Amino acid sequence: MLELRDAYKVLGLREEADKSEIEKAYAFLIKKYKNIINNEDDDARLKAQKELDEVNDAYNSIARKKIQDMEVKQQTPPNPVFKKLGIDQKKAGNFVYYYKFHFIIGFVALLLAGHFIYSVVTRVEPDLNIVFIGEFYPQDSNILKEKIKKDLPSVTEPSVDIISLLPEQEGSVNPQQEYAMQMKAMAVTAAGEVDVYIFDRANFEKIAKGSGLESLDRLSQELDTDSQKFISLKPEDGDAEHIYGIDVRGSTFLKEVQLDGKEAIAAIRVNPLHPSAAEEFIKKLVN
């Protein structure tokens, strides 16, 4: 059995991760490696199977620890405070159980109100908004944020969102979760608060053909990269082809933050909020 710290590391999680985060990471990793096992060559399959075994071992190690913690909790001796006050701890527990949702709803409402007020007072507006949409496996976005701030001095408060839209096949994540991700992608692309997209091919073509992306004709002339990486197409309401995307698969920048998918196409949203920062980020991905 793995050490607990190593188990969380295999799943790409913090040790403070809750049950939902653990289940989500495990489901994504299972799907990732099953996809490789079902579709890649022998060497890739062997490697994927080994990593899949490590993922299962890590998940089982965490699950065992959770069960042990529950057993210890159940064996905890009666609370001396209840005893001194002459209160039946079991009855008190039952009262809390039956009315817990009232307490929870009230507490959550109070927290939300406090959080809203705090957010309004302390909110710092992002100066670069980046969204990944497509076949990208979830990672800690803070890693990418820190690298952006380190490599792009002009950017002090980047925003990063990863919307994973994985191909449907046996053993995939919960359909409700997939549907929620699709709705989120639609909302994000419609909201207009994005500067840079990183797409897989299918989602790039969907947005580009709908005239949702900025032409990169001018920017492409400033980039020191193979012209074959430029992706041109004609929007449905356009009269000519323009460059709307750049293939950044294999980008050193993305590899360092473990976000290099099988397909990765960088694009700038039409009328971005921060055009200079968006172009600077694209150049960093390419160069």
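The values are calculated or read from the model by the stated rules, or taken from the named source; none is laboratory data. Not measured: the values here are computed from a predicted model. Methodologically, a virtual Cβ is constructed for each residue, glycine included, from the backbone with ideal geometry; neighbour enumeration extends over all protein chains shown.
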(request) Taking I148 as meeting all but one of (1) at pLDDT below 90; (2) part of a helix (DSSP H, G or I); (3) crowded, with 17+ Cβ neighbours inside 10 Å, write down the number of the exception. (result) (1)
(request) Go through segment 93-145 residue by residue and tally those that are within 23 Å of the chain's Cα centre (by Cα), of a type in the set (G, A, S) and either at pLDDT 65 or above or over 20 Å from P158 (Cα atoms) (or both). (result) 2
(message) Between S164, S227, which is at negative phi, touching an Asp or Glu at 6+ places or on another chain (Cβ under 9 Å) and of a type outside the set (K, R)?
(response) S164
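Out of K206, K229, which single residue is at pLDDT 90 or above, in the same structural domain as F132 (by TED's automatic domain parsing) and basic (K, R)?
Result of the check over K206, K229: K229.
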(request) For S232, indicate whether it is small (G, A, S) and within 13 Å of D247 (Cβ to Cβ). (result) yes
(message) If I filter segment 186-195 for residues that are modelled with pLDDT of 85 or more and crowded, with 17+ Cβ neighbours inside 10 Å, do I get at least one hit?
(response) yes
(message) Suppose the filter is basic (K, R) and more than 30 Å from P153 (Cβ to Cβ); does R249 pass it?
(response) no
